[in-house]
Structure formats: structure tokens, C-alpha cells
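Heads up, the thing below is written out as C-alpha cells.
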Amino acid sequence: MKKLFIILIIYFLSFNLVVADTKIAFIDLDRIISTSKPGSHILEQLNEFNLKNSDKFKNDAKKLKEKEVKLISQKNILSEKDFQSNVNKLKLEIKNYNNTTNKINKNLAKLKIDSTNKLLKLINPILIKFSDEQSIEIVLQKKNLIIGKSELDITDEIIKLIDVEIQKFKIQ
């Protein structure tokens, strides 16, 4: 009798789970950021910033290399003390250059993360509104899925809404 009761409870519980009618969709946030107007605008600004910095870094590295070559050519002309003093100055300049490049690269990475997070905060109300209108109960990120029907992908629809509602995004 007890076994029959347990079997009936399991049967009814599994029946209720199968009947559940939950509308699920998924989006590709990486594609939204790379192809939507505000997302591509962010990426353009970051690339511009990166190009300016890389040009400056290349020029600074070239100047340091020229100083090194000049110092090596003066090795036999300068006294040992002067030569060592100049080597120490050059090492300090190289250390400062490396610290500056690392700091700017970290700032660029932080700026990218912050900008993307701000854009996602602007996208969130659009997703909420869309899911309410379409009666979607769960929206998942595509990168966390193993497999899903392509009909459940709402990325293109969300990109269209984002392009209409968010015109430009300025990095600060």
C-alpha cells in the first residue's frame, strides 16, 4: 500500500512538471554588443582610443630604442661612471614607459567593461518590455546554452529595438 502511494505521488508530480507551459527564449549578448548601433559605436570609440595610444607607445618605444643605440655607441667615449649613470637613467625611463603602458591598457580594459555594463543596463528595460509583450517568462544567454531551437533566438528582434531606442552611446 505504501509503495502504491509513493508511486502515485511521483506520477502526479511528474505529470505536473510535464504540463508546465513556460515560454523560453535566448539572446546572444555578444552579437548584440558587436552589431547594434550603440554597441558598435562603443567598439569604434574603444578602437580609436586604442589606436591613439598604440601610436604614442610606438613613438615612445622608438625614442627609447634610439637612446639605447646612442648610449651603446658612446660606451667607449664616456667614463665608466657617466656611462653607468646614463644606463640607470635609461632603465628608469624604460620602467616608467612600461608602467605607463600597463596602466593605460588596464584603464582601456576597465573602460570597455564599464561601457559594456552601462549599455547592458540600458538594454535591460528593452528586454523586460519585449518579454512582457511576447509573454516570454525566461530569457537565457546563448553562450550558456548547449542546444536550442533557432525559433527561440530573439537576438535580431532585440537588436532592432535597441537600434530604435538607443541612438548613440558616448564613452565617458
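This table checks each residue for (1) aliphatic (A, V, I, L, M); (2) modelled with pLDDT of 90 or more; (3) within 27 Å of residue 37 (Cα to Cα).
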site: 86; (1), (2), (3): no, no, no
site: 104; (1), (2), (3): yes, yes, yes
site: 108; (1), (2), (3): yes, yes, yes
site: 134; (1), (2), (3): no, no, yes
site: 152; (1), (2), (3): yes, no, yes
site: 155; (1), (2), (3): no, no, yes
Open item on the list: For the stretch 94-114, give me each residue that is among the charged types (D, E, K, R) and surrounded by 15 or more Cβ atoms within 10 Å (Cβ to Cβ).
Closed with: 112
TODO: Those residues that are closer than 10 Å to residue 25 by Cβ and in a strand (DSSP E or B), I need them from the stretch 129-155; list them, please.
DONE: 138, 139, 140, 153
- [ ] Could you give me the residue pairs with C-beta distances under 6 Å whose first residue belongs to the stretch 44-73 and is within 14 Å of residue 107 (Cβ to Cβ), whose second residue is modelled with pLDDT of 90 or more and of a type in the set (A, V, I, L, M, F, W, C) wherever it lies, and which are 6+ apart or on separate chains?
- [x] 53/104
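From the list 75, 81, 70, exactly one residue is surrounded by 10 or more Cβ atoms within 10 Å (Cβ to Cβ), part of a helix (DSSP H, G or I) and out of contact with any Asp or Glu (no Cβ under 7 Å at 6 or more places or on another chain). Which is it?
70 is the lone residue from the list that is surrounded by 10 or more Cβ atoms within 10 Å (Cβ to Cβ), part of a helix (DSSP H, G or I) and out of contact with any Asp or Glu (no Cβ under 7 Å at 6 or more places or on another chain).
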Task: Inter-residue pairs, beta-carbon under 7 Å, first over 18 Å from residue 114 (Cα atoms) and among the acidic types (Asp, Glu) and in the stretch 21-41, second at pLDDT below 90 and not in a loop (DSSP other than H, G, I, E, B), 6+ apart - done: 28/142; 28/155
Task: Residues satisfying the stated conditions in the stretch 129-158, i.e. among the β-branched types (Val, Ile, Thr) and touching a strand residue (DSSP E or B) at 6+ places or on another chain (Cβ under 9 Å) - done: 136, 138, 139, 154, 155, 158
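The values are calculated or read from the model by the stated rules, or taken from the named source; none is laboratory data. Note that this is a predicted model, so its numbers are computed, not measured. We place every Cβ from the backbone using ideal geometry, glycine too, and count neighbours over all the protein chains shown.
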